[in-house]
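See structure below.
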């Protein structure tokens, strides 16, 4: 069953008034609380927001949300490298990554700095189910004010207590995953059990 919508760790942000109105010349911002996201296959990640004037709006693209008035901005297709893979989506705020800083590599090979917010992951679609195509999306608040949704291979994490070594210059040496091993697929290692006993006797099954 597709989830489509997911709660996220809510945060205060801003959206240009011109995104919500017919006046495209309006450069002022609404204050908003961002509290949930929506994932539709083949589109940019969108969010549910409540404005400080009491207006609830859905499907606000990640490219239209700012944590503060932007000092510089980048094109919308730089803020998310890949479209959403499906409506089947989960959101996780990894405790280990909370408030971590990272340098993010953009589409044109320039870099920006940001702070981790949470992670979006997709499932039950051809891309996520194929190990070599799988990608999650880490959402960051960039220092310049805009949001980013980026996969693992575009992020260079910083941690003064742990990340003390430099990555090798030859980054092409790192391979992508091509398979997910199955422990039950090793026929010569199979065991059988007596399901009537909690501490059942294990015995090696004959190889077929």
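The values are calculated or read from the model by the stated rules, or taken from the named source; none is laboratory data. Model, not experiment: these values are computed from the prediction. Quick reminder, even Gly has a Cβ in these numbers, built from the backbone with ideal geometry, and neighbours come from all protein chains shown.
Here are the numbers for this structure:
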item: Qualifying residue in region 70-77 (condition: touching a strand residue (DSSP E or B) at 6+ places or on another chain (Cβ under 9 Å), surrounded by 17 or more Cβ atoms within 10 Å (Cβ to Cβ) and within 16 Å of residue 29 (Cβ to Cβ)); result: no
item: Number of the exception - residue 16 against (1) within 15 Å of the chain's Cα centre (by Cα); (2) in contact (Cβ under 8 Å) with a residue 40 or more places away in the chain; result: (1)
item: In region 19-38, residue farthest from the chain's Cα centre (by Cα) [restricted to those that are surrounded by 19 or more Cβ atoms within 10 Å (Cβ to Cβ) and modelled with pLDDT of 95 or more]; result: 32
item: All positions within region 140-162 that are under 13 Å from residue 99 (Cβ atoms) and modelled with pLDDT of 95 or more; result: 140, 141
item: Complete set of residues in region 122-149 that are buried (at least 16 other Cβ atoms within 10 Å of the Cβ), out of contact with any helix residue (DSSP H, G or I) (no Cβ under 9 Å at 6 or more places or on another chain) and not in a loop (DSSP other than H, G, I, E, B); result: 128, 137, 140, 141
item: Some residue of region 39-59 being touching a residue at least 60 places away in the same chain (Cβ under 8 Å) and surrounded by fewer than 19 Cβ atoms within 10 Å (Cβ to Cβ); result: yes
